[in-house]
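Data first, discussion second: the structure below is written as structure tokens.
Just so it is clear, none of the values below were taken in a lab; they were calculated from the coordinates. As the structure is a computational prediction, the values presented were derived from the model and not from experiment. Glycine also receives a Cβ, built like all others from the backbone with ideal geometry; neighbour counts cover every protein chain displayed.
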Amino acid sequence: MIFVALVGATLILVRGSILAPVRKLWPALLGCAQCTGFWVGAAAGAMGFGWADPSRVLSALFAGCATSVLALGTDAALVRLLGDPHEEAPRAPNPSPPTADSAPSPRSAA
């Protein structure tokens, strides 16, 4: 259950509009669900959330890797289902100006 919370926190950091100013500080880190997921999980594992492992280093490594993979998969599934919120909507193509072939000839008008 702790991993659901960690993935949720990761997606809020990566995709949440309220944290857009924070993402400007470290765009390479906070723009990637896998990278942010690792560090969110590593921080939780180092603090001892969710399991009783005597080695905090191993807990941090395990939680970081697990959260990274789960956040990447969840982010990819949500982007696939809902679309990327950072992409602009496709624009309608501009109509091309008439060419000499498509313009009516003066003889056909008479």
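Leu61 versus Ala20, label points 7 Å from Cα toward the beta carbon: distance in nm? Label at Leu61, label at Ala20, 4.0 nm between them. With θ taken as phi - 60° and the Karplus curve 6.51 cos²θ - 1.76 cosθ + 1.60 applied, the whole-hertz 3J(HN,Hα) list for the stretch 41-47 is x, 5, 5, 5, x, 5, 7 Hz, x standing for glycine and proline. Per residue, the average separation of C-alpha pairs within less than 8 Å and at least 6 apart gives the stretch 2-82 a relative contact order of 33 percent. Other residues with beta-carbon under 15 Å from the beta-carbon of Ala9 carry, at +1 per Lys or Arg and -1 per Asp or Glu, a net charge of +1.
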